[in-house]
Amino acid sequence: MPQTKTQVLKIDKLSKDFGYRQVLKGVDMDLAAGELTLLLGKNGAGKSTLMKIISGLVLPSGGKISFKGQDTKKNPQNLRKSLGMISHQTMFYGDLTAEENLLFFSKLKKVSSPREKIEGALHRTGLRKFAQIPVKTFSSGMNKRLNIAKLMVMDPELLLLDEPYTGLDYDSIEFFNDYLAEFKKKGGTVLLITHQIDISFELCDKIAIMQNGVAASHMKTASYTYDDLIEEYQKR
Amino acid sequence: MLSEIWTIFIKDLRLDLRRMENFFSMFFFSVIILLVFAFAMPADKDSHIIFAPGTFWVTFLLSGILSLNKSFQLEKENACMESLLISPISRGSIFLGKLFGNIIFIMIIQCLIIPLFSLFFYSGFLDHFFSLMLLSVISAVGFSSLGTLLSGLTTDLRFKEILLPILLFPLLIPLLLASVRIMQGILIGEGFSGELDWLKLLIGFDLIFLIISYLIFDFVAEM
Amino acid sequence: MLNKILGIASIISIALVGYLVFFWAPIESSMGIVQKIMYIHVPSIWLTFLALFIAFLCSIGYLWKRAEIYDVVALCMVEIGVIFCGITLITGSIWAKPTWNTYWTWDARLTTTLILFLIFVGYLLLRKFMDYGEQQARFAAVVGIIGFLDVPLIHQSVTWWRTLHQPSTVFSTKKNVIDTPLLVMLLLSLLAFSFLLAFIASKRIELELKSRKFQKQIANLPQDHH
């Protein structure tokens with residue numbers, strides 16, 4: 001039964017122009033605590049742009065985003081304190097070791113007792129023996145796992161994930177999904193972009209399909225199956 | 001605030017240490033510029049003394065540009081800048097952290113260039129080592145303030161290597177003129193007191209552009 | 001409509017000023033006929049500063065309000081400012097040749113004008129090296145602001161730099177020997193050039209707005225995917 005959950009992120013009539021082209025025309029979305037929203041759409045539909053706007057890296061041309069009832073334009077720090085992100089790029093300094101990278105970002109976030117948390121996260125992601133190695137030598141799978149370790153250390157409330165599964169092997173995908181399930185249980189909110197719909201279908205609570213710069217989310221009801229989703233997606 | 005600036009500054013320093021090629025290329029670039037000047041100038045001691053301040057500050061500007069170019073290059077690799085920008089810190093802290101990193105980098109180069117300069121051109125140079133270092137610090141503040149702002153602005157652009165000096169050098173003319181003039185005063189043994197007006201202008205330049213760049217960096221840091 | 005009025009006003013006033021300069025204004029005693037270039041030179045530099053000042057205000061306005069119109073006005077004003085600045089430099093050189101027997105001298109005002117020219121050519125280059133968009137407007141505004149704020153410092157430093165090398169005797173006597181007909185003539189030509197500035201600006205802004213609107217329409221045409 002759908003129960004009323006606390007609203008975390010509200011996106012209202014969001015639009016964005018890149019150059020002369022309007023990439024986002026009107027995005028409305030509603031993300032609640034403990035929910036994972038699956039964001040689908042063709043390449044170039046504007047999914048990654050939406051992520052960047054939510055994270056505050058890019059300012060929207062119009063519309064409003066509120067995080068826990070507060071306009072993120074007026075109070076960006078509030079969102080940044082609770083934000084975790086995985087994107088196409090590794091987002092780590094290649095010349096620093098895995099541990100130094102995590103320590104640097106946890107210092108900026110003022111994580112309490114960071115060293116123990118980093119130790120634990122590296123252990124859980126199986127990167128402990130690589131802790132003292134420069135990140136530039138990491139494979140893409142290891143980079144993704146290091147990103148997951150970063151999320152564990154930072155302990156965010158809102159996750160923005162842009163293709164987090166690419167480069168992960170089967171075990172790691174399993175591990176990451178377990179992490180997401182646990183994260184949801186704790187009341188975390190997730191927005192997930194992926195082309196690997198089959199892996200994430202189980203986890204998701206809401207579905208949003210983006211097309212021509214417009215997107216709106218709807219609930220995944222109990223009767224809604226994976227085939228329904230594929231059908232809905234292909235109809236667009 | 002201070003701890004954030006410190007964290008970023010230390011991180012930059014550590015990255016510079018891991019990537020000594022940045023430092024060496026900048027240092028040898030400076031040496032080569034000095035060499036070119038040595039060939040271009042008349043060989044007698046008298047003209048060396050006359051040309052010394054100008055030569056010194058042109059070397060400073062040209063090698064400083066390299067330091068600025070690398071400063072944000074480090075952040076652009078692997079999109080680390082994005083990671084930095086979604087951290088709960090103010091853009092001003094990022095600016096100041098980078099600024100201090102740049103100043104220290106330039107100072108280390110200056111430390112090596114001043115003795116070399118006295119060796120190549122004008123041996124009286126080394127007698128004023130500490131005054132010249134102090135002057136370099138004061139100039140580096142203004143140079144790096146505007147430079148950090150503008151290199152943040154040009155990192156993503158086409159032809160950034162040419163655009164940065166085109167934008168930066170005309171703006172730096174007051175700083176260049178003041179530094180040359182104060183240095184002349186130092187070299188004839190008057191110290192800083194000889195050119196007090198110029199010193200005031202230089203410090204004023206530093207303060208104005210430190211504050212403006214700090215305030216305006218928010219707009220450069222958006223993507 | 002406003003456009004037309006400004007256009008007519010600038011044509012008439014410039015024609016009138018052209019007539020007055022050659023048939024009414026007296027020939028200046030010490031410099032002779034060449035002094036008449038002052039009626040282009042002086043208004044040009046004043047309007048350069050006016051245009052760049054408006055660009056400066058619009059740059060602040062853009063960063064503050066993020067409305068595209070500020071960016072359009074700033075861009076057009078810098079373009080016009082750079083053109084007038086170029087006219088100032090060229091007429092200055094023409095004037096300098098018979099007066100000081102050289103096309104270029106490192107006079108404080110001349111040098112400041114040259115640096116000003118370079119800074120705002122840099123502004124236009126920056127825009128050229130970027131694609132149209134919100135980021136282009138934002139970065140240009142940043143350069144527009146710091147460029148303009150640097151001008152007093154540049155002028156001060158260049159003045160000191162020159163005065164210590166050679167006392168500028170030519171310049172000190174120049175200004176106080178200006179008699180009334182000359183001053184009236186100067187103000188008239190300033191007025192005429194102001195009309196011209198307003199006319200070019202309004203045309204240029206209109207053109208830029210139309211061009212952007214058109215580009216947006218093309219870019220957002222419904223496309224057939226695959």
* Asked: Among (1) within 14 Å of chain B (Cβ to nearest Cβ); (2) at pLDDT below 85, which single condition is C:I154 missing?
  -> (2)
* Applying the selection to region B:71-81, what residues are buried (at least 20 other Cβ atoms within 10 Å of the Cβ) and within 12 Å of another protein chain (Cβ to nearest Cβ)? -> B:L74, B:E75, B:C80, B:M81
* **Members of region B:143-175 found to be farther than 18 Å from B:G204 by Cβ, β-branched (V, I, T) and over 12 Å from the mean Cα position of the chain (by Cα), listed by number** => B:T154, B:T155, B:I162, B:I166
* Structure fact -> In region B:1-49, anything assigned to a loop (DSSP other than H, G, I, E, B) and within 9 Å of chain A (Cβ to nearest Cβ) is listed as B:R19
* Given the conditions (1) touching a residue at least 40 places away in the same chain (Cβ under 8 Å); (2) within 25 Å of B:R19 (Cβ to Cβ); (3) among the aromatic types (F, W, Y), which single one is not true for A:F104? -> (1)
* Asked: If a residue has to be outside any helix (DSSP H, G or I), more than 14 Å from chain B (Cβ to nearest Cβ) and in contact (Cβ under 8 Å) with a residue 24 or more places away in the chain to count, how many in region C:83-109 make the cut?
  -> 1
* Considering only residues that are assigned to a helix (DSSP H, G or I) and more than 16 Å from the chain's Cα centre (by Cα), look in region A:147-174 and name the one that is surrounded by the most Cβ atoms within 10 Å (Cβ to Cβ). => A:S172
* Structure fact -> Condition set surrounded by fewer than 22 Cβ atoms within 10 Å (Cβ to Cβ) and of a type in the set (D, E), scope region A:2-51, selection farthest from the other protein chains (Cβ to nearest Cβ): answer is A:D30
* Structure fact -> Expected single match for over 28 Å from B:W6 (Cβ atoms) and in a helix (DSSP H, G or I) among A:K117, A:K144 is A:K144
* **Extreme residue, farthest from the other protein chains (Cβ to nearest Cβ), among residues of region C:110-133 that are in a helix (DSSP H, G or I) and free of Cβ contacts under 8 Å to residues at least 12 places away in the same chain** => C:K128
* Structure fact -> Considering region B:188-222, residues that are more than 27 Å from C:T111 (Cα to Cα) and crowded, with 17+ Cβ neighbours inside 10 Å, and then whichever is farthest from the other protein chains (Cβ to nearest Cβ), we arrive at B:Y214
* Asked: Hey, among the residues in region A:40-86 that are in contact (Cβ under 8 Å) with a residue 40 or more places away in the chain, among the small types (G, A, S) and touching a Pro at 6+ places or on another chain (Cβ under 9 Å), which one's farthest from A:Q234 (Cα to Cα)?
  -> A:S82
* **So A:G126, is it in a loop (DSSP other than H, G, I, E, B) and surrounded by fewer than 17 Cβ atoms within 10 Å (Cβ to Cβ)** => yes
* **Which listed residue is free of Cβ contacts under 8 Å to residues at least 60 places away in the same chain and in contact with a Phe, Trp or Tyr (Cβ under 8 Å, 6 or more places away or on another chain), from B:I114, B:I94** => B:I114
* Please work out if B:S67 is closer than 23 Å to B:L172 by Cβ, more than 13 Å from chain A (Cβ to nearest Cβ) and small (G, A, S). => yes
* Structure fact -> Selection from region C:17-32 of residues surrounded by 15 or more Cβ atoms within 10 Å (Cβ to Cβ) and not β-branched (V, I, T) yields C:L20, C:A25, C:E28, C:M31
* Among the residues of region A:67-77, is there at least one that is facing chain B (nearest Cβ under 8 Å) and over 17 Å from the mean Cα position of the chain (by Cα)? -> yes
* Asked: Does any residue of region C:157-165 turn out to be in contact with a Lys or Arg (Cβ under 9 Å, 6 or more places away or on another chain), farther than 20 Å from C:I45 by Cβ, modelled with pLDDT of 90 or more and not β-branched (V, I, T)?
  -> no
* Residue check, B:S193 against (1) touching a helix residue (DSSP H, G or I) at 6+ places or on another chain (Cβ under 7 Å); (2) under 25 Å from B:Y122 (Cβ atoms); (3) free of Cβ contacts under 8 Å to residues at least 60 places away in the same chain, all met but one. Which one? -> (1)
* To do: Take C:Y70 and decide whether it is of a type in the set (S, T, Y), part of a helix (DSSP H, G or I) and away from chain B (no Cβ under 12 Å).
  => yes
* Structure fact -> For strands (runs of 3 or more DSSP E) lying entirely in region A:5-96, having 2 or more residues that are under 30 Å from B:R19 (Cβ atoms) picks out A:83-86
* Structure fact -> For region B:143-171, the count of residues that are farther than 17 Å from B:I94 by Cα and within 11 Å of another protein chain (Cβ to nearest Cβ) equals 15
* Is it true that some residue in region A:119-142 is within 14 Å of another protein chain (Cβ to nearest Cβ), within 28 Å of A:G46 (Cα to Cα) and touching a helix residue (DSSP H, G or I) at 6+ places or on another chain (Cβ under 6 Å)? -> no
* **Failed condition for B:H128, given (1) out of contact with any Asp or Glu (no Cβ under 8 Å at 6 or more places or on another chain); (2) surrounded by fewer than 20 Cβ atoms within 10 Å (Cβ to Cβ); (3) under 18 Å from B:S213 (Cβ atoms); (4) not aromatic (F, W, Y)** => (3)
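The values are calculated or read from the model by the stated rules, or taken from the named source; none is laboratory data. The shown structure was predicted, so the numbers you read here are calculated from the model rather than taken from an experiment. Don't worry about glycine lacking a Cβ; one is built from the backbone with ideal geometry, like all the others, and counts go over all protein chains shown.
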